[in-house]
Amino acid sequence: MSQEDAPPQGAAGQAAKRHAPATRRNRDSLLAALCAALPPGGLVLEIAAGTGQHAVYFARGLPHLTWQPSEPDPELRASVAAYAAEAGLENLRPVLALDVTQRPWPLEAADALVCINMIHIAPWACALALLEGAAALLPAGGPLVLYGPFRRDGAHTAPSNAAFDRALRAQDPAWGVRDLEAVAAEAQARGLRLDTVTDMPANNLTVVLRRD
């Protein structure tokens, strides 16, 4: 870990923390989904860890796994580091600087990957890069777990998701709620098969892809 990403201390650590209200609302249902999808041991790489609130909650709730958060934004990495320093969990690794579009990734292997609420708030190229990176890192049968809103059979699953999609595209035309079938097809082309799709609260899905 570089000096830049060292865990903030004291008042500086509190100031570095960022808060995402949705993490408190969805963390329990997500933890249950992860318990079903993740292996009984090993290293889990979290892509786009955001504030770090999920990383701490999942590392605490899954003590049999080593949790490796990563995040491209330096301010958010500082937030992850602050939450991690406060939690003091032995199975939570220091946050990595990782941009899915920049290869090689700063990690050579992982037993599972988790990516929450990222592919719709990023260009499509980031989703493809995520799938390529997962295919390169995961062992046979290893899961890539995606969470967020998706379109199914070319349609939104709820009016709120349609409104959210319009808001995303207004902010950046390259963003938007993705078609599950398109994600699954691109995953299959890279050696990742669609395993399970689970309905979640707030019209989201947990999608598990596994390395062939």
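No value in this document is a laboratory result; all are computed from the given coordinates. What you see is a predicted model; the values in this text were computed from it and never measured. We place every Cβ from the backbone using ideal geometry, glycine too, and count neighbours over all the protein chains shown.
The table below gives the values:
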{"read-out": "Gyration tensor (Cα) of the chain, equivalent ellipsoid semi-axes in angstrom", "value": "26, 20, 17"}
{"read-out": "Of all DSSP beta bridges in the chain, antiparallel share, percent nearest 5", "value": "50"}
{"read-out": "Note, ³J(HN,Hα) from phi for the stretch 178-192, Karplus 6.51, -1.76, 1.60, rounded to Hz, x at Gly and Pro", "value": "8, 6, 4, 5, 5, 4, 5, 5, 5, 5, 4, 5, 10, x, 10"}
{"read-out": "Mean Cβ count within 10 Å, highest first, over the residues of peptides 135-145, 42-52", "value": "42-52, 135-145"}
{"read-out": "Contour minus Cα-Cα distance for residue 169 and residue 108 (0.36 nm per residue)", "value": "18.6 nm"}
{"read-out": "FRET efficiency, residue 185 to residue 158 (Cβ-Cβ, R0 30 Å, nearest 0.05)", "value": "0.85"}
